[in-house]
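The numbers here are math on the coordinates, done by the rules we state, and not lab data. The shown structure was predicted, so the numbers you read here are calculated from the model rather than taken from an experiment. Here the Cβ positions follow ideal geometry from the backbone for every residue, glycine too, while neighbour counts run over all protein chains shown.
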């Protein structure tokens, strides 16, 4: 054991940076996508008149696209830095959110989503999201 004078400075009251907490929360939220598909697929298949094979093909294609994107983003992160790559990709993805929300809330499966969340089907989305 080192003498007290040779030990490093005591770390008291260390706070986690808010950006790190948000990054961890975003990664946690992303991981929920992998489970959500299996949970909603029985209901969505009925609305979309899909066979189990078609539903499995969609899931497989999504995973393949995700796999390819990991390689591409990994190469970009190595070249330009992880933080810059993350922020730029988030900025590129952000404009697609309102369209995604509109498709989910007003699309053919809004009844199924409302059933899963035990909420009445939405009539419209807030004007700020259009």
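Being surrounded by 12 or more Cβ atoms within 10 Å (Cβ to Cβ) and free of Cβ contacts under 8 Å to residues at least 40 places away in the same chain is the filter; apply it to region 82-95 and report the residue that is nearest to residue 22 (Cα to Cα). Walk me through it before giving the result.
Here is the first cut: in region 82-95, the residues surrounded by 12 or more Cβ atoms within 10 Å (Cβ to Cβ) are 82, 84-89.
If we keep only those that are free of Cβ contacts under 8 Å to residues at least 40 places away in the same chain too, we end up with 82, 84-85, 87-89.
Numbers: 82: 15, 84: 16, 85: 16, 87: 12, 88: 16, 89: 15 Å.
Checked region 82-95; the qualifying residue nearest to residue 22 (Cα to Cα) is 87.
So which pairs qualify, if the first residue must be in region 32-53 and free of Cβ contacts under 8 Å to residues at least 40 places away in the same chain and at negative phi, the second must be part of a helix (DSSP H, G or I) and loosely packed, with under 15 Cβ neighbours inside 10 Å, the Cβ gap must be under 7 Å, and the two must be at least 6 apart or on different chains?
Pairs that qualify, where the first residue is free of Cβ contacts under 8 Å to residues at least 40 places away in the same chain and at negative phi and the partner is part of a helix (DSSP H, G or I) and loosely packed, with under 15 Cβ neighbours inside 10 Å, are 37/59.
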